[in-house]
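Colleague: Just dropping this structure here.
The values are calculated or read from the model by the stated rules, or taken from the named source; none is laboratory data. Keep in mind it's a predicted model, so treat the numbers as computed, not measured. A quick note on method: Cβ atoms are made from the backbone with ideal geometry, for glycine too, and the neighbour counts reach across all protein chains shown.
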Amino acid sequence: MRLSTKGHYGLKAMFDLAQHYGSDPIPLKVVAERQGLSEPYLEQLIAVLRKVGLVKSIRGAQGGYILAKSPAEIKVGDVIRALEGPIAPLDCVSEQEPPLCHKVDTCISRDIWARVRDSITEVLDSITLEDMCRDAKKVGQPNKCET
């Protein structure tokens, strides 16, 4: 299973917003510059994250983006699912209604892929943006991440 740049860059943007949680709204241009991302591409990702309720946009001269919830309430899995879709190495073990396979009762490898899905899900859902901020602080990366 391989994530696309959508999940990777989207998580970087959400981490940036988490690091500045409690501050004024942050223009997307600033997030793009700090994270070394393309602003037009980031606009597409933020639109999806806004639609699912993970970020809010603030209009006006002092506008920009903020997290819709505290960093402690947003899991890495939430961000990945919003941008990449259901977490699964194969469609037959998708988190959302997997397609019915005629071999579902006898497929030996299906159980392996379901366990892989469960392991990945467990990790992604056990880490919050706040955890990422705490880890960044441990390695000396300055951040705020106030909750």
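Colleague: Exactly one condition in (1) buried (at least 19 other Cβ atoms within 10 Å of the Cβ); (2) without any contact (Cβ under 8 Å) to a residue 40 or more places away in the chain; (3) among the hydroxyl-bearing types (S, T, Y) is not met by T106; state its number.
Modeller: (1)
Colleague: Would you check which residues across segment 109-135 are among the small types (G, A, S) and at pLDDT below 90 and list them?
Modeller: Within segment 109-135, S109, A114 meet the criteria.
Colleague: Go through segment 1-27 and report how many residues are buried (at least 19 other Cβ atoms within 10 Å of the Cβ), without any contact (Cβ under 8 Å) to a residue 40 or more places away in the chain and more than 17 Å from S70 (Cα to Cα).
Modeller: Final tally of qualifying residues: 1.
Colleague: Could I ask something else about it? Failed condition for V30, given (1) among the β-branched types (V, I, T); (2) assigned to a helix (DSSP H, G or I); (3) in contact with a strand residue (DSSP E or B) (Cβ under 7 Å, 6 or more places away or on another chain), with all others met?
Modeller: Single failed check for V30: (3).
Colleague: Further question on the same structure: Of all residues in segment 39-88, how many are loosely packed, with under 15 Cβ neighbours inside 10 Å, part of a loop (DSSP other than H, G, I, E, B) and in contact (Cβ under 8 Å) with a residue 12 or more places away in the chain?
Modeller: Total meeting the criteria: 4.
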